[in-house]
Amino acid sequence: MKDVKYQKRVKLKDFSYKGFYRYFVTVNTDRRRPVFEDIEIVGGVLSILKAICKDYGFIVWAYCFMPEHLHLLIEGKNEDSDMRKFVSMFKQKTSYVFKRQIGRKLWQENYYEHVLRKDEDTKHVARYIFENPVRGGLVDNFIDYPF
């Protein structure tokens, strides 16, 4: 399988980011500090992610918490599902809790997103996300990575 490289994408000018679309999103921690090495922190962020998905009409196909960033493969469940609002609220709520508990900023400004086209295979993108810890040298098999 060919290794896919996902780079920073410019937001699409004439695209609403609303509806039944799939997105590959990467959010970096502030100053790329390793944060997601603690099961309690990851669990807290996951809990908020689940609530935001429910509130904003998204499902998560895949995720991976690397020490200094988070990859998500999400899809809107209805025509009003707004990816920009979803990511904004996710970052806002997780930042608030993290700052209260840890005392510092959680996320970098902005995020990277890629709107999957109809010809892009969801399973291929999910596999890319799951194999990130292997490419990062954290594990030999992605099955062994806890986050």
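The values are calculated or read from the model by the stated rules, or taken from the named source; none is laboratory data. Quick caveat, the model's predicted, so the values are computed rather than measured. All Cβ positions, even for glycine, are placed from backbone atoms using ideal geometry, and neighbour counts span all protein chains on display.
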- Out of region 123-143, which residues are surrounded by fewer than 16 Cβ atoms within 10 Å (Cβ to Cβ), among the small types (Gly, Ala, Ser) and touching a residue at least 60 places away in the same chain (Cβ under 8 Å)? Gly136
- Query: In the list Val87, Val97, which residue meets the criterion of being over 27 Å from Val134 (Cα atoms) and of a type in the set (Val, Ile, Thr)?
  - Reply: Val97
- Item | Checklist (1) of a type outside the set (Gly, Ala, Ser); (2) more than 14 Å from the chain's Cα centre (by Cα); (3) more than 22 Å from Arg135 (Cβ to Cβ); (4) not in a helix (DSSP H, G or I) applied to Ile59, failing item | (2)
- Query: How many residues does region 124-147 hold that are hydrophobic (A, V, I, L, M, F, W, C), touching a Pro at 6+ places or on another chain (Cβ under 7 Å) and outside any helix (DSSP H, G or I)?
  - Reply: 1
- Query: Are there any pairs, at least 6 apart or on different chains, whose C-beta atoms fall under 8 Å, with the first in region 107-118 and of a type in the set (S, T, N, Q) and the second buried (at least 16 other Cβ atoms within 10 Å of the Cβ), and if so, which?
  - Reply: Gln108/Val27; Gln108/Asn28; Gln108/Thr29
- Query: Given the conditions (1) closer than 18 Å to Glu37 by Cβ; (2) among the charged types (D, E, K, R); (3) modelled with pLDDT under 95, and given that Glu120 satisfies all but one, which numbered condition is not satisfied?
  - Reply: (1)
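Rundown of residues vs (1) touching a Leu at 6+ places or on another chain (Cβ under 7 Å); (2) at pLDDT 95 or above; (3) aromatic (Phe, Trp, Tyr), yes/no style:
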site: Ala51; (1), (2), (3): no, yes, no
site: Lys54; (1), (2), (3): no, yes, no
site: His69; (1), (2), (3): no, yes, no
site: Gly76; (1), (2), (3): no, yes, no
site: Glu79; (1), (2), (3): no, yes, no
site: Asp82; (1), (2), (3): no, yes, no
site: Thr94; (1), (2), (3): yes, yes, no
site: Gln101; (1), (2), (3): no, no, no
- Could you tell me which numbered condition Gly44 fails, if it satisfies all but one of (1) crowded, with 17+ Cβ neighbours inside 10 Å; (2) in contact with a helix residue (DSSP H, G or I) (Cβ under 9 Å, 6 or more places away or on another chain); (3) among the small types (Gly, Ala, Ser); (4) more than 18 Å from Lys18 (Cα to Cα)? (1)
- Note on the structure: Restricting region 97-122 to residues that are assigned to a helix (DSSP H, G or I) and of a type in the set (A, V, I, L, M), the one surrounded by the most Cβ atoms within 10 Å (Cβ to Cβ) turns out to be Val97
- Of the residues in region 31-45, those that are touching a strand residue (DSSP E or B) at 6+ places or on another chain (Cβ under 6 Å) and under 12 Å from Lys105 (Cβ atoms) number 1
- Message: Restricting to region 65-96, name every residue that is hydrophobic (A, V, I, L, M, F, W, C) and surrounded by fewer than 16 Cβ atoms within 10 Å (Cβ to Cβ).
- Response: none
- Val35 being surrounded by 14 or more Cβ atoms within 10 Å (Cβ to Cβ), modelled with pLDDT of 95 or more and assigned to a loop (DSSP other than H, G, I, E, B): yes
